[in-house]
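Here's the structure we're looking at; comments come further down.
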Number of protein chains: 2
Amino acid sequence: MSQGANWQELVADKQRRQKASIPQDWLVAVPPAAVLDVTAFPEQCGLLSERELQITNTVDVGVLLQKLAAAEWSSVEVTTAFYKRAIVAQQLVNCLTEIFVDKALARAAELDKHLKSTGSVVGPLHGLPVSLKDQINLKGLETTMGYASWIGKYADKDAVLAEILYECGAVPFVRTNVPQTLMWPETYNLVFGRTLNPANRLLTPGGSSGGEGALIHLRGSPLGVGSDIGGSIRIPALFNGLYGLRPSYGRVPYAGSSNSMYGQDSIPSVLGPLSNSLSGIKAFMQAVIGREPWLRDPLAVRKKWDDEAYALAGHGSGQALCFAILWDDRIVIPHPPVIRALEMTRDALTAAGHKVIDWKPIKHLELNDAISAVWKAGALEDYRATTAASGEPIISSMSPTNDGIVDASVRPDVIGVSAYQLWQAQNARAHLRKEYLDHWEQTVEVTGTGRPVDAIISPGAPFAAPPHGKNGNSNYTKVLNALDYVACTFPVTKVDPTLDAKKPPHQFLNDADEVNYNLYDPVTFQNAPVGLQVVGRTLEEEAVIAMTEIVDSALKAAAGA
Amino acid sequence: MSQGANWQELVADKQRRQKASIPQDWLVAVPPAAVLDVTAFPEQCGLLSERELQITNTVDVGVLLQKLAAAEWSSVEVTTAFYKRAIVAQQLVNCLTEIFVDKALARAAELDKHLKSTGSVVGPLHGLPVSLKDQINLKGLETTMGYASWIGKYADKDAVLAEILYECGAVPFVRTNVPQTLMWPETYNLVFGRTLNPANRLLTPGGSSGGEGALIHLRGSPLGVGSDIGGSIRIPALFNGLYGLRPSYGRVPYAGSSNSMYGQDSIPSVLGPLSNSLSGIKAFMQAVIGREPWLRDPLAVRKKWDDEAYALAGHGSGQALCFAILWDDRIVIPHPPVIRALEMTRDALTAAGHKVIDWKPIKHLELNDAISAVWKAGALEDYRATTAASGEPIISSMSPTNDGIVDASVRPDVIGVSAYQLWQAQNARAHLRKEYLDHWEQTVEVTGTGRPVDAIISPGAPFAAPPHGKNGNSNYTKVLNALDYVACTFPVTKVDPTLDAKKPPHQFLNDADEVNYNLYDPVTFQNAPVGLQVVGRTLEEEAVIAMTEIVDSALKAAAGA
């Protein structure tokens, strides 16, 4: 683009180029906007063959990897199948940013050739298409991250994570949509527009990894990579009925990926996987850590994948665990479907022979305030510096009524402070982390297992996917970023107006609680997926995955019973 | 103290109380100030019995621990012996802050009783007296950290590290001197005054853990704990001929210890051991990590002591390693004795069958600038906030001519910036870390071992212990805090006017290099210990200790040859 182009021209050009990157014969006649639930459409649209549907409906990534390794399915056909479904998803819910079919299929063909000629796989993710949030640089592609100002910003090399995924045999095949600044729990920006929830297009898919959430929801990708600074992996995972892991700081390499608020390293964003299967979550983590990311990313923790931890060595080998349920965070009472999901999980775990007690939350409000104070310290200057290049407005709301733009190019929630003031916020947060850790350790007195609580079962939001512009509470996820706890989401149920009737008003804890109560209406939320999160301690990725498997199996057993 | 007391009154009272805490019969007739080398005095002063000298001259902590565990020496007699020697050291070089003989001996007696009645040790450090830098809170004692404003600040609980040391069977027995703010590489404050170097009292023992350095130098403690944010463990270790380990962020728990610049968590200070023996360094690390500090300190890394890493699994099992020598950092050329130490180490390693190549430093200036920019961002406001309570001046120089106080209570080197500007400095530093890591990895092409360089042998300072007020260059240590690399110091030699003659001027790299050249004079530095550091990567504590053992053995073999 010419230097003098304004942001609208940059966007118009980028949108033209994005459209042109879609193979014309993959365009379909999409249902009208009035059709809210579009989850069945990919199977009905006729674009995918029976075999392609079989492939894309194989939600278990472990099975996909087996079939790829056995050359039962080639990488080219698996990649083609998911690509077609991803393009259908794009037409339904607007979830993609970069589309690069030739590059991906060339890579898949290489992998097929390698397997055929050597008889062995390139790595543990051989042939698997993987979608990437629009932060993870791929050499030669633009990383716009929802900024008009970054249109034309071509990466000169792969992010460390992309390098590692290639070495593991994966096939990065699409990049996915985000909100401008990445600091919203919904997905809307001025370049690519808004991503919708496939279960109900009037609802948000969440954010900031909302493109991933919506895409995987529609089975347009078997495994995706998002990032999470306050819930940005988990919120879309929950709102789309997925598994999504928020690892600890530095367990997955971030170096070479784009981001907002560079240099804010006190409460950093982390990369992590989203998938329709827990086997996808595990395969990703094991593969990435197996490549020793600390040799390429100085912030990656030198810590191997720990099979003993995965076997729950520190948690009674997974027998008779003690889970604790966080019914509410004492800030906002979750909506009825979330409470029902907690009850279902409690009952399933109890039936599976585990103990379930109540989790007593402490200082969630203070932790949420601390994390916000850290981000706000320099956020506005960051947003201004980034958007200045094109003159694009800073989006100040995710509401669709004004398309998120207000006149003042200021987000009123962010006011800069001095470095010294930032340190005070960071110090307050350090003390809260210590207090929370001590609190957790003290549960050894009430579990009866001789151990503190093994994991917390917590809402990831006080609601299922809300209408666009209404996702105003990220406290249930954000508190865990403040604590740097590992959390993995799992799907439980869907909003059902019969089972999830609105309750009479309770004694409201505060204004936010009242606002949240008023937001609920069973019909509005109808069909929205409902999930929860399993919460473990810092650097307990292996154990949290294993415990989520236990919870997931218990729920499936209970559903089958 | 009364609320209205001024800082001089507070200090006078604290000094009176400190003097009173010394058993009167442990006071000795000290040599006059003109006697510079006082290292032999503890053995000559007559206070310690033959047996007490035998105990305190046992520099190998492994041997001390064996004798304690075998009840060959009781903890009471070992603690008494070191305590007496520490009090002699205090009279010679002013290295102590808190003195608490009764508390320590009561603890030692408890341990003796336990061993006698149960036949087993309390933990891996059973009975061992351990000195602590004046940051590590002990319940019931004041932590002043060199601030008049903190006189009367009694800790209501032990720091996490102190808790763990107690559980390991250690006997915390003295606390040691620091500079005001902790942010100087020398040791002087308005409460306790200046600590001197026992090898030559006109020289600094370094800082900020200078009290530890001087105390252990005189064998007044077998094992001490310091902290290192820019070299504060390693500088005193080097200037006093000791082993001193700078662990990675979070490998040793910091929670519950006092500090300056609370909340500055980008380049945090770390706690680590100093000792006359490497067995002391290893015993400390293994014992502390063995207590799973991450269950009590949320910032402690969940990473067990790794015996495979200690066996150098990632480094050819310690056979035919490739070391790289950093001859200079391209900022300041080290003085002749430091160059001689590098040559001695190179020759010893070569003779021991290891390969030694040259290390090419990159961006040391930029890394040092980055780390300084982070600290300076809010340092002055921190110092002002802390000193305001008593009205004490902020020390602006370590020079003894004006006792370090200038009229303006401002350190001119620290100017606050906004949080956003701090983020920019932090971001610049993150990029430099990535660049350095890639640079290290690329050495795989030149080592001939199939691995990148196993460890760097680096100066820890461009000089041996300089005269008070002259330690103006911490770049050789600070750069490793910026990189979060593990570094362990080891002693090599002493400044010898015959061997270390001043060289003719070289082509100066810059003004700092010229200043440093002019500082050297073999007679001024006479007798000062000269050490170096073994440098490994982040979270490689086990391997760095093992490689320092290799270097140390090679030097001892060469000296014996």
Evaluation of A:Pro452 against (1) assigned to a loop (DSSP other than H, G, I, E, B); (2) modelled with pLDDT of 95 or more; (3) closer than 30 Å to A:Ala199 by Cβ (one fails), failing number: (3)
Among the residues listed as A:Ala214, A:Ala199, A:Ala148, A:Ala162, the single one being in contact with a Cys (Cβ under 6 Å, 6 or more places away or on another chain) and of a type in the set (A, V, I, L, M): A:Ala214
In segment A:438-447, residue nearest to the other protein chains (Cβ to nearest Cβ) [restricted to those that are assigned to a helix (DSSP H, G or I) and within 18 Å of A:Phe323 (Cβ to Cβ)]: A:Glu441
Hits in segment B:307-343 (condition: under 25 Å from the mean Cα position of the chain (by Cα) and without any contact (Cβ under 8 Å) to a residue 60 or more places away in the chain): B:Trp327, B:Ile339, B:Glu343
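Got at least one residue in segment B:261-270 being charged (D, E, K, R), without any contact (Cβ under 8 Å) to a residue 60 or more places away in the chain, touching a Phe, Trp or Tyr at 6+ places or on another chain (Cβ under 6 Å) and closer than 30 Å to A:Ala377 by Cβ? Explain how you work it out, then say what you get.
Narrowing segment B:261-270 to residues charged (D, E, K, R): B:265.
Filter once more, keeping what is without any contact (Cβ under 8 Å) to a residue 60 or more places away in the chain: B:265.
Remaining after also requiring touching a Phe, Trp or Tyr at 6+ places or on another chain (Cβ under 6 Å): none.
No, that holds for no residue.
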Residue check for A:Ala40: free of Cβ contacts under 8 Å to residues at least 12 places away in the same chain, outside the structural domain of A:Leu111 (by TED's automatic domain parsing) and surrounded by fewer than 18 Cβ atoms within 10 Å (Cβ to Cβ): yes
Qualifying position, being at pLDDT 90 or above, surrounded by fewer than 18 Cβ atoms within 10 Å (Cβ to Cβ) and part of a helix (DSSP H, G or I), among B:Arg340, B:Arg346, B:Arg384, B:Arg330: B:Arg384
Whichever residue in segment A:202-256 is of a type in the set (A, V, I, L, M) and assigned to a loop (DSSP other than H, G, I, E, B) and, among such residues, is farthest from A:Val486 (Cα to Cα): A:Leu202
Only listed residue being in contact with a helix residue (DSSP H, G or I) (Cβ under 9 Å, 6 or more places away or on another chain) and within 14 Å of chain A (Cβ to nearest Cβ), chosen from B:Ala370, B:Ala324: B:Ala370
Filtered residues of segment A:460-491 (kept if among the β-branched types (Val, Ile, Thr), in a helix (DSSP H, G or I) and within 14 Å of chain B (Cβ to nearest Cβ)): A:Val479
Unique match (being small (Gly, Ala, Ser), touching a strand residue (DSSP E or B) at 6+ places or on another chain (Cβ under 8 Å) and farther than 28 Å from A:Leu196 by Cα) among A:Gly378, A:Gly316, A:Gly353: A:Gly378
Matching residues in segment A:474-507 - criterion: being surrounded by fewer than 19 Cβ atoms within 10 Å (Cβ to Cβ) and touching a Phe, Trp or Tyr at 6+ places or on another chain (Cβ under 7 Å): A:Lys502, A:Pro505
Hits in segment B:23-42 - residues which are charged (D, E, K, R) and more than 14 Å from B:Leu218 (Cβ to Cβ): B:Asp25
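A quick yes/no check of all residues on (1) at pLDDT below 95; (2) outside the structural domain of B:Pro205 (by TED's automatic domain parsing); (3) surrounded by 15 or more Cβ atoms within 10 Å (Cβ to Cβ); (4) within 26 Å of the chain's Cα centre (by Cα):
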residue: B:Met1; (1), (2), (3), (4): yes, no, no, no
residue: B:Gln15; (1), (2), (3), (4): no, no, no, yes
residue: B:Ala29; (1), (2), (3), (4): no, no, no, no
residue: B:Gly46; (1), (2), (3), (4): no, no, no, no
residue: B:Gln66; (1), (2), (3), (4): no, no, no, yes
residue: B:Lys84; (1), (2), (3), (4): no, no, yes, yes
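Rundown of residues vs (1) within 14 Å of chain B (Cβ to nearest Cβ); (2) farther than 17 Å from A:Ala348 by Cβ; (3) in a loop (DSSP other than H, G, I, E, B); (4) in contact (Cβ under 8 Å) with a residue 60 or more places away in the chain, yes/no style:
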residue: A:Thr493; (1), (2), (3), (4): no, no, no, yes
residue: A:Val515; (1), (2), (3), (4): no, yes, no, no
residue: A:Asp521; (1), (2), (3), (4): no, yes, yes, no
residue: A:Arg537; (1), (2), (3), (4): yes, yes, yes, yes
residue: A:Glu542; (1), (2), (3), (4): yes, yes, no, yes
residue: A:Thr548; (1), (2), (3), (4): no, no, no, yes
residue: A:Ala554; (1), (2), (3), (4): no, no, no, yes
residue: A:Ala557; (1), (2), (3), (4): no, no, no, yes
Test: residue in segment A:265-275 that is closer than 26 Å to B:Pro452 by Cα and either β-branched (Val, Ile, Thr) or assigned to a strand (DSSP E or B) (or both): no
Conditions (1) touching a helix residue (DSSP H, G or I) at 6+ places or on another chain (Cβ under 9 Å); (2) away from every other protein chain (no Cβ under 14 Å); (3) over 19 Å from B:Val446 (Cβ atoms); number of the one not met by B:Ala341: (1)
Residue list for segment B:112-160, restricted to those being within 16 Å of B:Phe284 (Cβ to Cβ), in a strand (DSSP E or B) and touching an Asp or Glu at 6+ places or on another chain (Cβ under 7 Å): B:Ser131, B:Lys133
Conditions (1) surrounded by fewer than 22 Cβ atoms within 10 Å (Cβ to Cβ); (2) under 21 Å from B:Ala300 (Cα atoms); (3) away from chain B (no Cβ under 14 Å); number of the one not met by A:Arg246: (1)
The lone exception for B:Leu274 - which of (1) more than 14 Å from every other protein chain (Cβ to nearest Cβ); (2) under 27 Å from B:Trp423 (Cβ atoms); (3) not basic (Lys, Arg) it fails: (2)
Selection from segment A:173-201 of residues that are surrounded by fewer than 24 Cβ atoms within 10 Å (Cβ to Cβ) and not in a loop (DSSP other than H, G, I, E, B): A:Gly193, A:Arg194
Listing of helices (runs of 4 or more DSSP H) fully contained in segment A:1-96 that carry 3 or more residues being of a type in the set (A, V, I, L, M, F, W, C): A:7-20, A:61-69, A:75-93
Hits in segment B:128-152 (condition: more than 22 Å from B:Gln8 (Cα to Cα) and out of contact with any Lys or Arg (no Cβ under 9 Å at 6 or more places or on another chain)): B:Leu128, B:Pro129, B:Val130
Flag for B:Leu218 being at pLDDT 95 or above, surrounded by fewer than 24 Cβ atoms within 10 Å (Cβ to Cβ) and outside the structural domain of B:Cys488 (by TED's automatic domain parsing): no
Leading residue by the ranking (surrounded by the most Cβ atoms within 10 Å (Cβ to Cβ)) among those in segment A:97-107 that are part of a helix (DSSP H, G or I) and not basic (Lys, Arg): A:Ala104
Positions within segment A:416-437 being part of a helix (DSSP H, G or I) and hydrophobic (A, V, I, L, M, F, W, C), in sequence order: A:Ala419, A:Leu422, A:Trp423, A:Ala425, A:Ala428, A:Ala430, A:Leu432, A:Leu437
Enumeration of residues in segment A:277-305 that are more than 14 Å from chain B (Cβ to nearest Cβ) and touching a Ser or Thr at 6+ places or on another chain (Cβ under 8 Å): A:Leu278, A:Ile281, A:Phe284
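The values are calculated or read from the model by the stated rules, or taken from the named source; none is laboratory data. Note that the coordinates shown come from a computational prediction; the quantities given were computed from them, not determined experimentally. With ideal geometry, Cβ positions are generated from the backbone for all residues, glycine too; neighbour counts draw on all protein chains shown.
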